[in-house]
1. Packing-wise, with mean Cβ within 10 Å as the measure, how do 48-58, 119-129 rank, highest first?
2. So how do 60-68, 181-189 stack up, highest first, on mean other-Cβ count within 10 Å?
3. Just want the answer: with Cβ charges of +1 for Lys and Arg and -1 for Asp and Glu, which residue in Ser237, Val183, Ala162 is farthest toward the dipole's positive end in the stretch 146-238?
4. When a/c reaches 1.5 or more, the comparison of a/b and b/c decides; with that in mind, is the stretch 179-249 rounded, prolate or oblate per its Cα gyration tensor?
5. Starting from the Kirkwood Rh over alpha-carbon pairs, what translational D in µm² s⁻¹ does the stretch 1-139 have by Stokes-Einstein at 25 °C and 0.890 mPa s?
6. May I ask you to derive the relative contact order of the stretch 87-163, considering only C-alpha pairs under 8 Å and at least 6 residues apart, and to give it as an integer percent?
7. What helices does the chain hold that run 20 Å or longer along their axis, going by alpha-carbon atoms, with a Kyte-Doolittle average of -1.0 or more, using DSSP H for the helix calls?
8. Taking Cα pairs under 8 Å and at least six residues apart, what relative contact order does the chain come out at, in percent?
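The values are calculated or read from the model by the stated rules, or taken from the named source; none is laboratory data. Note that the structure is a prediction, hence the values are computed from the model and not measured. Here the Cβ positions follow ideal geometry from the backbone for every residue, glycine too, while neighbour counts run over all protein chains shown. Only protein heavy atoms, including side chains, enter the accessible area calculation; ligands, DNA and RNA are left aside. Shrake-Rupley method; radii C 1.70, N 1.55, O 1.52, S 1.80 Å.
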Amino acid sequence: MVLIKSISGIRGTLGGKEGDDLTDRDVVKFVSSYANILKSESNKNLVLVGRDARKSGEKFNKIVVETLLGFGIDILDINLTTTPTIEVAIVLKQAQGGIMISASHNDNKWNALKFFNSKGEFISKEKGEQILELYKNGSFSDSHNEKGQYFKEDFIKQHIDAIKNLDLVDIKKIKSKNYKIVVDGINSTGGVAVPMLLEEIGVKDILKINCNPDGNFAHNPEPLSKNLKQLRDHVLSSKADLGIAVDPDVDRLAI
């Protein structure tokens, strides 16, 4: 039974007792606290919501979206995505904030809520402390006359297009190298985003392992050397130039 409350987000084991683990009710209360702060800053808000592919993510996504809509907040649901992608999307969409549903490198017994501000950065210490205080006291308003509007959009391709336009990315040179690269996507959203990025920047020979985003993590999801034997074996057997591994929400990378 673990529920870790920090200023940047909430992480916990699933099921169990409210306040001890990350239960559905805890998700409602933490998201309501975040929404209460947004509403105190502006009457009209747009918040982005995304998730990695872990098993509990779809259910929590629905809870997060419905809670925010109930506060009269407009939602852009970018669904299966990466943490770097939602950070970029918040800025491009000029949103007031965002919530990423992911326990990062933890296994399927865990999930988490990561809260972002309008700059696509983790919320400030002050805002985080306000969320924790509202959660503790339950002193947030949950009565609103007008429900928010719901929109849905896939943002991974737009994120990749932004990367391709960076001055440092030399697609012509990458193509000339004829790289062979193995990708271990831990059966989460990195299994979609990383091969797509490599293809878009000129890598044609991509070998994918654990790249089906069904949330069935093939090994411990933290991309440490001890967890990447399968990737190392594929790099050697295929005589690849590189092996790339990420964690479930693609904010950790091993090469």
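1. 48-58, 119-129
2. Highest to lowest by the protection proxy: 181-189, 60-68.
3. So the residue we want is Ser237.
4. Oblate shape, in that a/c is at least 1.5 and b/c is the bigger or equal ratio.
5. Roughly 169 µm²/s, to the nearest whole number.
6. For the stretch 87-163, the relative contact order is 25 percent.
7. Length and hydropathy pass: 24-41.
8. Value for the chain: 21 percent.
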